[in-house]
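Shown below is the structure under consideration.
Every number here is computed from the coordinates shown, using simple stated rules; none is lab data. Remember, it's a predicted structure, so these values are computed and weren't measured experimentally. FYI the Cβ positions are ideal-geometry reconstructions off the backbone, even for glycines, and counts take in every protein chain you see.
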Amino acid sequence: MQNLHLRRLGAGPETVLALHCTLAHGGAWRGLAEGLEGQAEVLAPDMFCHGHSPDWTGGTDFLAAMVEATLPVLERPMHVVGHSFGSVLALALACAAPDKVKSLTMIESVFFAMALREAPETVAAQDASEAITADAFAAQDWPLAARLFNRAWSGTGPRWDDMPQRMRDAMIRGVQIVPPSGPGLRDDSQGLIDQLDRITMPMLLARGGASQKVIAAAHDGLARHIPQAKQFVVPGAGHMLPITNPAPVAEAVSQLIRTA
């Protein structure tokens, strides 16, 4: 099994396992770590094909591979936080090892399988808005796919042509995991919906008030299935919430940690 590169940020008596979004890396959690300084150390692995972790050796289900690779990091009870793809990975870890997850925070979750159950018309509209991006993935035009995918999800982030080449190269490398993420995110290959009764720990669902409607659909569905899940919305924020607005996210996570 391939090993993930692990970053350690901040310090404190608690431990937070933080799982980043597609096209980012573990360093994206520095803002969260600053907000939790003195309360928790943040363990932030880089996903395969991201940051300093190795390329993925292949397969058809990236979520399954990431669960296998991340479970060893969850060696003792921790608070688990995930953003976007990382939020679905966090949910999968909590289902696989609920005794090791003290609290669960899902930020801007792209658990499209839940959204499909709750609001299929919203998912259809999202698909239609990303048709050009889907064509780029189908053609394996990774530079174009990275550019379009980043534009769709980064909100007010820097434009592609304004980024340094090393950042563009990192996104081209990372975007190649998007197609094999489909089984886990859209088809629920891990059977997470049928395991939601295992989620009994304190839980937070955080999203930006200006993010895509499909995110709200996924969160609303999760909240209906998990009674103790609390929804938290940062007005005006978009999909990159933990990077653009780390302070309110850190405060919400801090409060959740104190209740766990």
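Restricting to the chain, what percent of DSSP beta bridges are antiparallel, rounded to 5?
15
Of the candidates Pro158, Pro77, Pro183, which one comes out as most mobile in a Gaussian network treatment of the chain with C-alpha springs shorter than 10 Å?
With Cα springs under 10 Å in the chain, the top fluctuation among Pro158, Pro77, Pro183 is at Pro158.
For mean projected area of the Cα convex hull in nm², pick the label among (i) 12.3; (ii) 13.1; (iii) 14.0 that corresponds to the value derived from the coordinates.
From the options (i) 12.3; (ii) 13.1; (iii) 14.0, the structure gives (i).
Which is the longest stretch in the chain that no exposed loop site breaks, taking sites as GluC sites (Glu not before Pro) with a DSSP loop state and at most 15 other Cβ atoms within 10 Å?
Result for the longest clean stretch: 76-260.
Kindly identify segment 172-260 as rounded, prolate or oblate by the Cα gyration tensor criterion: order the square roots of the eigenvalues as a ≥ b ≥ c, call it rounded if a/c is under 1.5, otherwise compare a/b with b/c, prolate if a/b is larger, else oblate.
Oblate.
Roughly how far apart, in whole Å, are the Cα centres of segment 183-260 and segment 155-175?
26
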